[in-house]
1. So, in region B:110-120, of the ones that are surrounded by fewer than 19 Cβ atoms within 10 Å (Cβ to Cβ) and among the aliphatic types (A, V, I, L, M), which residue ends up nearest to the other protein chains (Cβ to nearest Cβ)?
2. Scanning for something away from every other protein chain (no Cβ under 12 Å) and assigned to a loop (DSSP other than H, G, I, E, B), does region A:4-13 turn up at least one residue?
3. Among what's in region B:152-164 and is touching a Phe, Trp or Tyr at 6+ places or on another chain (Cβ under 9 Å) and open to solvent by less than 40 Å² (accessible area, probe 1.4 Å), pick the residue that is modelled with the highest pLDDT.
4. If you check residue B:99 against the conditions, is it open to solvent by less than 10 Å² (accessible area, probe 1.4 Å), more than 8 Å from every other protein chain (Cβ to nearest Cβ) and not aliphatic (A, V, I, L, M)?
5. Which numbered condition in (1) more than 15 Å from the chain's Cα centre (by Cα); (2) buried (at least 19 other Cβ atoms within 10 Å of the Cβ); (3) more than 29 Å from residue B:150 (Cβ to Cβ) is the only one that residue A:50 fails?
6. In region A:56-85, which residues are open to solvent by 10 Å² or more (accessible area, probe 1.4 Å), among the hydrophobic types (A, V, I, L, M, F, W, C) and closer than 25 Å to residue B:1 by Cα?
7. Just need a number here: residues in region B:206-229 that are surrounded by fewer than 11 Cβ atoms within 10 Å (Cβ to Cβ) and among the acidic types (Asp, Glu).
8. Taking region B:165-216 as the search range and keeping residues that are part of a loop (DSSP other than H, G, I, E, B) and aromatic (Phe, Trp, Tyr), which one is modelled with the highest pLDDT?
Protein chains: 2
Amino acid sequence: MNPKAYYKLTYGLYIISSKSGDKMNGYIANTAFQITAEPPQIAISCHKDNLSSSIIKDSGLFAISVLKQDVATKLIGTFGFKSGKNIDKFDSVDYKTGSTGIPIVTTDCVAWFECKLVQTVDVGSHILFIGEVVDNSLLDENQEPLTYTWYQTVKNGKAPKNSPTYQKPKELKETDSKSEFKKYECIVCNHIYDEAEGDAETGIPPGTRFEDLPDDWVCPTCGAEKADFEEVK
Amino acid sequence: MNPKAYYKLTYGLYIISSKSGDKMNGYIANTAFQITAEPPQIAISCHKDNLSSSIIKDSGLFAISVLKQDVATKLIGTFGFKSGKNIDKFDSVDYKTGSTGIPIVTTDCVAWFECKLVQTVDVGSHILFIGEVVDNSLLDENQEPLTYTWYQTVKNGKAPKNSPTYQKPKELKETDSKSEFKKYECIVCNHIYDEAEGDAETGIPPGTRFEDLPDDWVCPTCGAEKADFEEVK
């Protein structure tokens, strides 16, 4: 078994959004695919621990916004690595309200699909939500959609821990350098970033080098930027 | 609703193979995606009419071979547009026998996954097969996998009629030019020859009338003859 074989599976990157009562939420997914043509149905895989799973189950609705290739990394950080339990992710984006009443993110997106849930499949750690497309829109025909490969290679992006395609750093050890992990200290609040441990709160897996943190990663304690960290000697 | 919005969903292209008793079969799919990480499970969507659906149900096994970017069009023609009811698709390719006994195509592939079926979901015209990966291999780390976008734009490929992402030519009329050029559809694989566009792959310049195509011209997708084309009204 070679974990790197999975890198040859091709995906896009999407914001999946929903709303139940007054609570809106959304997250980043790479697993959205059309499973029938007539009627058009799309399946997504969502971790059971994600707030969005319960919101989609409650409302029976979800939307898929297709991210464009040059999406702002900050948008992925907000929707992919932060929990809607703590912040309102929609504060920082443009969205429209679909015909079913759910929010549909349009910032940095090329198309969207609004779906009614028709089937729910328990697949272990995740739930497969199958939705029938009730509305859609092509926002920008000429913009390329962001692919997962582009996100990983050009944007140096990682998979969040609850992603269906997440791989533990230990499984990828063969690709790691042999050097020892380092620690970095926030000069504002003295928070320590330890490469060996990563940072669970901001979704950074153990073994992530400081230099590989997203450019818009901030100190989980005080919000200082990467440039405000110094290596602990 | 805009059918072209679906073009912004990103897919790879795969050969799905299986075997039941002595009968081996395989087909081309663009819908294969990992739905959980632990254990690794992959879902595929297969049309109920496909021979492969009954073979996968009977055997409880399937393999996914990831096609490389510069795959031979003929391979896609054989596995994507011909039925295993009539020919042995494996005559023309290299394949290995996996640990479960099923054939795994290796010709023009960069990686493969061998799966045991763990769940079957009826989604209307198609069946969602969910398999747990029992073995895999990375055949060529440096080769890019073929994406569906590449197949459509560079190779001018079409979706087979039983694909979850198939779109009827009439639904795409809004994209037609206003000129009096005509279109002809391959009755075998639904490939469209558009006189306005010609056919770059077989060296036919834009503006070439169908009647002016060489007598030995064949469908670039499946190899059918000129006589197998019908004018699109």
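The values are calculated or read from the model by the stated rules, or taken from the named source; none is laboratory data. Since the structure is predicted, the reported quantities are computational estimates derived from the model, not experimental observations. Don't worry about glycine lacking a Cβ; one is built from the backbone with ideal geometry, like all the others, and counts go over all protein chains shown. Just so you know, the surface numbers come from the protein's heavy atoms only, side chains and all, with ligands and any DNA or RNA stripped out. Shrake-Rupley method; radii C 1.70, N 1.55, O 1.52, S 1.80 Å.
1. Applying the filter and picking the extreme gives B:118.
2. Scanning region A:4-13, I find no residue that is away from every other protein chain (no Cβ under 12 Å) and assigned to a loop (DSSP other than H, G, I, E, B), so the answer is no.
3. Among those residues, the one meeting the criterion is B:164.
4. Considered against the rule, which asks whether it is open to solvent by less than 10 Å² (accessible area, probe 1.4 Å), more than 8 Å from every other protein chain (Cβ to nearest Cβ) and not aliphatic (A, V, I, L, M), residue B:99 comes out as no.
5. Only one criterion is unmet by residue A:50, namely (1).
6. A:61
7. 4
8. B:181
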